[in-house]
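Some notes on the structure that comes next.
A short reminder: the numbers here are calculations on the coordinates, not readings from a lab. All figures in this text were calculated on a predicted structure; none of them were measured in a lab. Glycine also receives a Cβ, built like all others from the backbone with ideal geometry; neighbour counts cover every protein chain displayed.
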Amino acid sequence: MKTRIFALIITILALTSALNAQERPQFRGMGQMQKPKFIFYFIGDGMGFAQVSMAEAYLASQKGEISNHPLSFTTFPVSGMVTTYSASSYITCSSAAGTALSTGVKTNNGMLGVDPKGNPLRSISYDIHKSGIPVGIVSNVTIDHATPASFYANSNSRNNYYEIAVQMPQTGFEFFGGGGFAQPTGPDKDQKDIYKVLEEGGYTVARGLQEYVSKKGAKKMALFQERGKEADLPYAIDRTPADLTLKQVVAAAIDHLYSAKGFFIMAEGGKIDWSAHSNDGLTTILEVLDFSDAIDVALQFYKKYPNETLIIVTADHETGGMTLGREKGYELKLNELAPQKRSMAVDKEGTPAYAELNKKANVGWTTSSHSGVAVPIFSIGPGSRLFSGRMDNTDIPKRILAILGLQQ
């Protein structure tokens, strides 16, 4: 009798082990997985779970509901959590996190596209491009800033903006777009204008959507704001109808890159981080919603090509220690944020009043820097099952390459 029970236990354990193995797609079955043709890699800079929840609660509050109104990407069928620590600190900076997300290797805070010893690392953008797939790098902050730069550049310091920017034409990537440059003529304003460097490197530079349309057909395109509007794109709350938006740049990237070869687009919503650094509640919420609008462009594309399109949405870290509730009690009054008409960054005179609105709404912050909490990841499309559950930020690029059959 005991022998039979023991045999039954062994059989059950063996069966359970087999089933568990089937449920770990990151380790098994990659060879049979359908390979995506079009990949969108969205990174919400500073976008933690709280920023996402706050945006959803804000949408519900606009309808007078106590609820969470889902953003399109939070309804994706696959989700998980991502750890974000750097090689030098439990709390990462954007360049270290961007390096992890683009190369699969941890580095020290302040370093970009290099390992802790300063050795250059290779972004997956290069592996993907070498395989024949067109590549686009997009952001609503300056394109030489930490996250976008980590997908094409190597530097011992993320603050070497000009040194980083001049590496763009060397990539051969087919599309760059969004914000301009932090130091277009170098830190001392005595270097060749980076727009000229791009043109000499074979890029067609379009300043604004009208120019983009008139220059369509160029092999390599760099789309920025109209002349006279430099650096980052305006916050959503400060935007005028004439301003370029992240949504438009993502749409232009799709338009330019679409081909039988497919494409890879990395798009950053960088101003979530910037507004959270200022502890600006309403501006942060609106930046998450603006980022969601850009993702919706990719989602519409996915609906046309669901069997060929993979969309990944994640973050590099959380910024501000944002909380839905700041003091004793159980209230969140997001409608109290309504009087704010401009970002704190633009309307500096209104900053104290806007900070008071945070208190009235009961929106909390614990820091003006980053926090060390895990961040979300959402995905949909072929290969998306590899992005479920718990993972480190270095796992994401490795799994993208695995899906494409491009092991580093």
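Give me the pairs: first residue in the range 53-67 and closer than 13 Å to Ala338 by Cα, second residue surrounded by fewer than 20 Cβ atoms within 10 Å (Cβ to Cβ), beta-carbon distance under 6 Å, and six or more apart or on different chains, which are they?
Between residues of the range 53-67 that are closer than 13 Å to Ala338 by Cα and residues that are surrounded by fewer than 20 Cβ atoms within 10 Å (Cβ to Cβ), the close pairs are Leu59/His69; Ser61/Asn335.
Would you mention how many residues in the range 254-283 are surrounded by fewer than 24 Cβ atoms within 10 Å (Cβ to Cβ) and among the small types (Gly, Ala, Ser)?
4
Since Gly178 meets every condition but one in (1) crowded, with 22+ Cβ neighbours inside 10 Å; (2) at positive phi; (3) assigned to a loop (DSSP other than H, G, I, E, B), which condition does it not meet?
(3)
Restrict the check to the range 123-136 and report whether at least one residue is surrounded by fewer than 21 Cβ atoms within 10 Å (Cβ to Cβ), farther than 28 Å from Ala260 by Cβ and not aromatic (Phe, Trp, Tyr).
No.
Given the residues Ala100, Ala165, which is the only one that is touching a Ser or Thr at 6+ places or on another chain (Cβ under 9 Å), farther than 30 Å from Tyr212 by Cβ, among the small types (Gly, Ala, Ser) and surrounded by 20 or more Cβ atoms within 10 Å (Cβ to Cβ)? Even if it seems obvious, please write down each step before you answer.
Numbers: Ala165 fails: farther than 30 Å from Tyr212 by Cβ.
When all the criteria are applied, what remains is Ala100.
With the requirement that a residue be closer than 30 Å to Leu404 by Cβ, touching a residue at least 12 places away in the same chain (Cβ under 8 Å) and either more than 11 Å from the chain's Cα centre (by Cα) or outside any helix (DSSP H, G or I) (or both), what does the range 259-286 give you?
Result: Ser259, Lys261, Gly262, Phe263, Phe264, Ile265, Met266, Ala267, Glu268, Gly269, Gly270.
Go through the range 287-340 and give me each residue that's among the hydroxyl-bearing types (Ser, Thr, Tyr), part of a loop (DSSP other than H, G, I, E, B) and within 26 Å of the chain's Cα centre (by Cα). Break it down into steps so the answer makes sense when it comes.
Filtering the range 287-340 for residues among the hydroxyl-bearing types (Ser, Thr, Tyr) gives 292, 302, 305, 309, 314, 319, 323, 330.
This time we only want the ones that are part of a loop (DSSP other than H, G, I, E, B), so: 305, 330.
Hit for the range 287-340 is Tyr305, nothing else.
For the range 181-228, which positions are closer than 17 Å to Ala149 by Cα, part of a helix (DSSP H, G or I) and in contact with a strand residue (DSSP E or B) (Cβ under 6 Å, 6 or more places away or on another chain)?
Within the range 181-228, Tyr195, Leu198 qualify.
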